[in-house]
Amino acid sequence: MTNLLTIAGIMLIAVAIFMAWGTFGTVSKTGFDISSLKTTNDWEKSIPWIVSIIGAALLLLKTTSVIMPSPAGRDRLFMLVIFSLMAVAVIALCLLFQNWSMVKGSGIHAGAGIWMAILGAIIYLAVNAVEIPAAMNEGTETD
């Protein structure tokens, strides 16, 4: 069940680029639209792509770990911590994007894509919060 929840959370992150990242009145701009803006050279416009790449990498790594025998002990703990840091990076990037002057100061509001990516990362982190103590206990058990 935890694998399904983590994959669902990761898929929310990975497909968030297809949703609106910014809305201005009735006009919505997807992550693709915002990243191709030619009116600004700010690095923040590439955040939707960065978030999607992190989501795709997490999806690939998690799917691989589900298909292959999962490591135990320290290796599993290391993977869970790295994956959790990637999810925290998604949240941080989305919050940076939301506070970008192009979004915050010009009447553009954060779209559903930002919130979907944050929700996916929170789901992923919540499941990892349950798995990390179990992985820590695996490493301390002796045969």
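Go through (1) at pLDDT 90 or above; (2) more than 21 Å from Met11 (Cβ to Cβ) and name the single condition Asp143 misses.
With respect to (1) at pLDDT 90 or above; (2) more than 21 Å from Met11 (Cβ to Cβ), Asp143 is out only on (1).
Could you count how many residues in region 11-31 are closer than 13 Å to Ile114 by Cα and touching a strand residue (DSSP E or B) at 6+ places or on another chain (Cβ under 9 Å)?
The first filter runs over region 11-31 and keeps only residues closer than 13 Å to Ile114 by Cα, leaving 12-23, 28-31.
Subset that is touching a strand residue (DSSP E or B) at 6+ places or on another chain (Cβ under 9 Å): 17-23, 28-31.
Qualifying residue count for the region: 11.
Just give me the residues in region 1-46 being under 21 Å from Ala121 (Cα atoms) and assigned to a loop (DSSP other than H, G, I, E, B), in sequence order.
Those that are under 21 Å from Ala121 (Cα atoms) and assigned to a loop (DSSP other than H, G, I, E, B): Met1, Val15, Met19.
Since Gly25 meets every condition but one in (1) of a type in the set (Gly, Ala, Ser); (2) at negative phi; (3) open to solvent by 60 Å² or more (accessible area, probe 1.4 Å), which condition does it not meet?
Of everything listed in (1) of a type in the set (Gly, Ala, Ser); (2) at negative phi; (3) open to solvent by 60 Å² or more (accessible area, probe 1.4 Å), Gly25 misses just condition (2).
Collect the residues in region 32-52 that are at pLDDT below 80, surrounded by 13 or more Cβ atoms within 10 Å (Cβ to Cβ) and out of contact with any Leu (no Cβ under 7 Å at 6 or more places or on another chain), keeping them in residue-number order.
Residues satisfying the conditions are Phe32, Asp33, Ile34, Ser35, Leu37.
Going by the conditions given, is Gly107 modelled with pLDDT under 90 and open to solvent by less than 20 Å² (accessible area, probe 1.4 Å)? Can you show your working first?
Values: modelled with pLDDT under 90: yes; open to solvent by less than 20 Å² (accessible area, probe 1.4 Å): no.
It is false that Gly107 is modelled with pLDDT under 90 and open to solvent by less than 20 Å² (accessible area, probe 1.4 Å).
Would you please name the residue that is nearest to the chain's Cα centre (by Cα), looking only at residues in region 62-96 that are within 20 Å of Met116 (Cβ to Cβ) and at pLDDT below 85?
The qualifying residue nearest to the chain's Cα centre (by Cα) is Lys62.
The values are calculated or read from the model by the stated rules, or taken from the named source; none is laboratory data. On a predicted model such as this, the values are computed, not experimentally measured, just so you know. Ideal geometry is used to build each Cβ from the backbone, glycine not excepted, and the neighbour counts take in all protein chains shown. With ligands, DNA and RNA removed, areas are computed over all heavy atoms of the protein, side chains included. Shrake-Rupley method; radii C 1.70, N 1.55, O 1.52, S 1.80 Å.
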